[in-house]
Structures are given as structure tokens and as C-alpha cells.
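Reviewing the structure listed below.
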């Protein structure tokens, strides 16, 4: 699973991701094989009481593959890192759960997605959420900065999964939680590395 | 190496798959939940290290200073008798 990739291969994968998610930022409808937006959120049993508090244009931008909050609610006051925050829906749900005493940082590779997340953020009243552009696997946070790291449908796209996990562990406080929803392969990998890079999004 | 093994190698404890999401992005992938905790006790001190630290503390506390070592032991004896401890 952990593929050894040359720097130019990583660049190719990153530019492929940026290209796709520039389109997704405008609206995910029709770009995924599973329900997105409000339909996706309802199918994944996101808390309807929390969804009610978010504008519908925010809900529209959701394209996650699961519900990280189904693994247990966040606690008031938690500091949360969302790796691959996309349109920001999970970060904003997290912000609602942690309350004004907590904070949420959302990171995304795609500048268009960060812009969309910031537009979504402006439609809410949260003062403790920031979205930042991020590439590679090295986090610019101090050790033990967060109570929760969450990620929804993103680790499968990260070339250096092991390194990213080490970084997630480093920035968590002792006892901090990692909550991930993602796609795993059910078939076997038989293709050569170049073919795998070209078919990074399956 | 699978994803759970990577999580463990990164320093997470109790890494586990926690069910399917039902959202599959292709015929050969499956939406899956994962959870883990940053271990609390994993890098804790060994028993030997703990005893060593205790001995260091003990030696430091009884080292000759304003009171000499013998006087400190006598004070400790008096205090423990006064408190009803076994000296």
C-alpha cells in the first residue's frame, strides 16, 4: 500500500488532485459515485440538529465518504484538525460540537477548496475556525496541539500515508483521537506504478 | 503494509476498523471507518527507570545540606512516629 514514489510522481498526483478538486469546489454534484451534499449527509446520519444550524449552501459542498462523528462525538473545548477539509462541512460540524471554547483548523491541498470553505465559513458565525492551504505531509503545528484529528475521504489520496499518520500522531495530545473515514481497496493491486499514478482516483 | 499497520507504526494505539460507511467510490473500493488513539502509556517509564528515579529523589532529599544526613534521618523518624507510620 505504501508506494515508493519519486518527487515528480508526487507532484503529478498533487496536480491531478488540484485539477479534480478545482471542479469539485464549484459543486460536487455528479462528480462522485455516491450521494453528495445534503443527501449524502442524511444517508450518513449526520446529526440533523447540527445540520439545521448550517446554511444549505454549506451542506451542498459535502462530498465525504463517511461520518467521522459516528465514531463518537467531540467534546466541548476540543482542538480539532481536519486533514483534507474540502468545502469545510466536517470542520463546521466539529466547530458546532466543540463550541466557542474549542477551535478547528481545516487543511486542504486545493486552493479552490480552501476558498470555498472560507466562503462557507463566512456564512456562519464561527470565530474559532480557520482554513489553510496545505501540501505534502509535514504539519506546521507543535507537538500535542490537538485533541482530535479527523479526515474524511482524503488519506487514500495522500502519497505518503505513513508520514502523514506520524505527523497526525505528533500533533495530537496524549490520549488524542484519530477519526478517519476513507476508501480502501477491496480488489488486488496488480498494475504497475505508472498505471497506478495515472489511475490515482478510482 | 495495510493502513492499520501504518497507524500502529506511526505511534497510534488501539487502531481499528470501525465498520463500512456504505459509500463506495468505485467497484473495487469500499468506504470504511478507522479510529485510533495516541497511546498514553506506550512511552511510559519502565519499572526499573521508575525505581531509579525514586532512588535519585531519595538521595537528593537526604543529601547533606543545611541539615546533615543523620539529622534528616532523625527528623524523618520523628515525623513518621508522630504521624503514626511505621518508620
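Values quoted throughout were computed directly from the atomic coordinates according to the rules given, and no laboratory measurement underlies them. The model shown is predicted, which means the values in this text are computed figures rather than measured ones. Here Cβ is always computed from backbone atoms with ideal geometry, including for glycine, and neighbour counts include all displayed protein chains.
Using C-alpha pairs under 8 Å with a sequence gap of at least 6, the mean separation divided by the residue count of chain A gives a relative contact order of 21 percent. Peptide A:60-69 has a mean shielding of 3, counted as Cβ atoms of other protein chains within 10 Å of each residue's Cβ. Each of residue B:2 and residue B:74 was given a label point 7 Å from its Cα along the Cα-to-Cβ line. The distance between the two points is 7.0 nm. Relative to the longest principal axis of the Cα atoms of chain B, the long axis of helix B:69-82 lies at roughly 80 degrees.
In this simple spin-label model, placing a label point 7 Å from the Cα along the Cα-to-Cβ direction at both residue A:132 and residue A:33 gives a separation of 3.5 nm.
Packing, as the average of other Cβ atoms within 10 Å across residues, places the peptides A:17-30, A:76-89 in the order A:76-89, A:17-30, highest first. Sequence-distant contacts, meaning Cα pairs under 8 Å at least 6 residues apart, place the relative contact order of chain B at 17 percent.
Helix A:89-98 axis versus longest C-alpha principal axis of chain A: approximately 40°, rounded to the nearest ten.
Highest mobility in the GNM of chain B, judged by mean-square fluctuation with C-alpha springs under 10 Å and restricted to B:58, B:23, B:12, is found for B:23. Look at A:56, A:151, B:26, A:70 and count the other Cβ atoms within 10 Å of each Cβ; fewest to most, that gives A:56, B:26, A:70, A:151.
Applying 1/(1 + (r/R0)^6) with r as the Cβ-Cβ distance of residue A:185 and residue A:75 and R0 = 25 angstrom yields a FRET efficiency of 0.15. Computed on segment A:30-88, with alpha-carbon pairs under 8 angstrom and 6+ residues apart, the relative contact order is 38 percent. Largest GNM mean-square fluctuation among A:54, A:185, A:92, using chain A with Cα springs under 10 Å: A:185.
Taking the C-alpha atoms only, the angle from helix A:161-171 to the longest principal axis of chain A is near 30 degrees. Going by neighbour counts of Cβ atoms within 10 Å, the residues A:11, B:70 line up, fewest first, as B:70, A:11. Dividing the summed helix terms, -39500 (n - 2.57) for each DSSP H run of n ≥ 4, by the number of residues in chain B produces a 222 nm estimate of -13500 deg cm²/dmol to the nearest 500.
When the helices of chain A are scored as -39500 (n - 2.57) per DSSP H run of n ≥ 4 and the total is divided over every residue, the value at 222 nm lands at -10500 deg cm²/dmol. What residue among A:32, A:134, A:146 has the largest mean-square fluctuation in a Gaussian network model of chain A, using Cα springs under 10 Å? The residue with the greatest mean-square fluctuation here is A:32.
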